[in-house]
Amino acid sequence: MSRWQARTTGGARVAIVGRPNVGKSTLVNRIAGRRDAIVQEKPGVTRDRSTHAAEWIGRDFTLIDTGGWTPGWAPDRTTMDELVSLQAEIATTEADLVLFVVDATVGITSEDEAVAKWLRTSGIPVMLIANKADTLSEVETASVLGELYALGLGDPTTMSALHGHGSGDLLDEVVTRLRDSGAFDRPPETDDGVPGIALIGRPNVGKSSLFNRLVGQDRVIVDEVPGTTRDPIDTLLDVQRDDGEVRTYRFIDTAGLRKKTAKLDSTEFYSTVRTRKTLERASVALLLLDSAQSIGEQEQRLAREIIDSGRAVVLVQNKWDLVDTDRRLAIAKERDRLLQFLDFAPTRRISALTGRSVSKLFGDIDRVLDAWNFRVPTGRLNQWLSDAVAATPPPLGRNHRPVKIRYVTQVDTQPPRFKLFTNQRLEPAYLRYLERRLRERFGFDGTPLRLDTAIRTNWEDRDPT
């Protein structure tokens with residue numbers, strides 16, 4: 001294998017395609033049994049192809065949600081509709097079965113006919129789904145079914161993705177076709193213990209460009225318009241280290257978090273919620289900065305969210321090839337001044353567009369992951385505590401009584417958490433001092449630390465000697 005490569009996901013795969021606003025994402029949520037995909041009553045909400053785990057009668061398979069597929073695109077053009085359509089066509093080539101969704105209340109459109117023509121010539125197994133059929137009368141349903149047969153894709157299935165009518169029969173047929181095709185004979189891809197690496201940043205900072213550079217293909221749409229990515233998109237990546245060991249990571253591209261959630265439209269709001277949920281299933285966050293843009297409130301807020309979530313972090317200064325010496329000096333000062341609370345995170349300067357220094361990110365990721373999982377033996381930890389207290393004793397506590405720290409133990413990892421047993425409360429400033437000394441002694445590069453105190457008031461305050 002090369003230095004790194006995207007892994008082809010195993011198991012049975014079902015792609016859901018169709019023109020915009022026919023209910024594809026609603027069907028994804030219905031089959032997956034949860035609100036994975038963003039759903040809005042307007043076209044163009046889904047753009048990239050995203051994957052979702054599903055199960056029916058004991059059979060596991062993967063759903064591939066796609067954006068609205070419109071005809072007439074060309075690979076050498078870059079309008080948003082054409083890029084979305086390209087992602088939908090790629091999804092069909094990866095699938096064992098395609099669910100082609102049309103709106104039964106509208107009937108067959110020229111766009112539907114164009115998609116059906118492409119599917120007929122592709123040779124990919126297709127099920128034709130007439131969604132929203134529960135709102136039609138028997139006469140209207142019969143008329144729509146007659147139109148659907150003319151598409152040449154076999155018997156149509158009527159259902160309501162919103163209300164679930166007909167979903168059980170649909171899933172029975174899906175499982176039958178996947179079983180008969182041998183798709184279930186391929187073992188599903190497992191990712192137990194695989195660390196998630198989330199790409200976090202404000203809109204248009206280069207997250208999707210970096211994601212595509214890592215994956216080695218145009219896995220997500222890249223556009224100069226902020227907010228192109230809506231749903232988190234993830235891919236497994238196998239990376240060969242210098243010692244020959246192959247490690248697997250799950251890289252997750254996310255929507256850019258905007259400045260004030262209260263001013264977002266509903267689509268952007270749900271994208272923001274999903275980005276925060278992505279942090280919950282990640283181990284490491286790559287916080288991307290645009291080297292050509294000033295660091296501001298958005299980056300500070302994102303950094304705080306990462307720390308509060310307890311995830312390891314690497315600062316990634318993207319577009320480094322586009323800035324001159326003066327700007328490079330300026331951004332270093334901005335980082336030291338505005339992100340000083342993130343001074344424990346390593347910084348990597350890259351260009352996602354050209355690939356400069358992208359390979360070095362894997363070393364940074366391993367470094368912060370090791371710190372995130374590191375546990376200090378209790379003996380070494382208490383020797384460190386003795387040295388730290390001897391160098392700078394805690395300030396006097398309540399009623400000017402001495403504050404004594406009896407001992408310390410590490411109670412958890414991911415992130416490392418320590419408990420200090422004291423006779424009085426420790427001041428926040430002194431806890432920050434202890435955190436700084438912890439990092440000086442043991443490293444902990446790129447990971448937040450948690451220092452808690454447990455007060456034992458029944459301890460004798462005077463020295464027993």
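Which pairs, out of 24/319; 132/207; 207/360; 207/277, put more than 28 Å between their alpha-carbon atoms?
Details: 24/319 36 Å; 132/207 36 Å; 207/360 16 Å; 207/277 17 Å.
Exceeds cut-off: 24/319; 132/207.
In whole Å, how far is the Cα centre of segment 85-158 from that of segment 283-349?
47 Å
Given R₀ = 51 Å, what would the calculated FRET efficiency be for residue 110 paired with residue 439, taking r from the Cβ atoms and rounding to 0.05? Could you put the intermediate results ahead of the total?
Working: r = 63 Å, r/R0 = 1.24.
Plugging the Cβ-Cβ distance into 1/(1 + (r/R0)^6) gives 0.20.
Roughly how many nanometres apart are two label points built 7 Å out from the Cα toward the Cβ at residue 246 and residue 321?
Placing both labels 7 Å along Cα→Cβ, they lie 2.9 nm apart.
Which FRET efficiency, nearest 0.05, do residue 398 and residue 378 yield, Cβ-Cβ r, R0 35 Å?
On the way: r = 29 Å, r/R0 = 0.82.
Calculated transfer efficiency: 0.75.
What is the gain in length, in nm to one decimal, between residue 414 and residue 370 on full extension, counting 0.36 nm per residue of separation less the C-alpha to C-alpha distance? Please report the intermediate quantities before stating the final value.
On the way: separation 44, 0.36 × 44 = 15.84 nm, distance 0.98 nm.
Additional length available on full extension: 14.9 nm.
Values in this text are rule-based calculations from the coordinates and carry no lab data. It should be emphasised that the depicted structure is a prediction, and the values quoted were computed from it without experimental measurement. With ideal geometry, Cβ positions are generated from the backbone for all residues, glycine too; neighbour counts draw on all protein chains shown.
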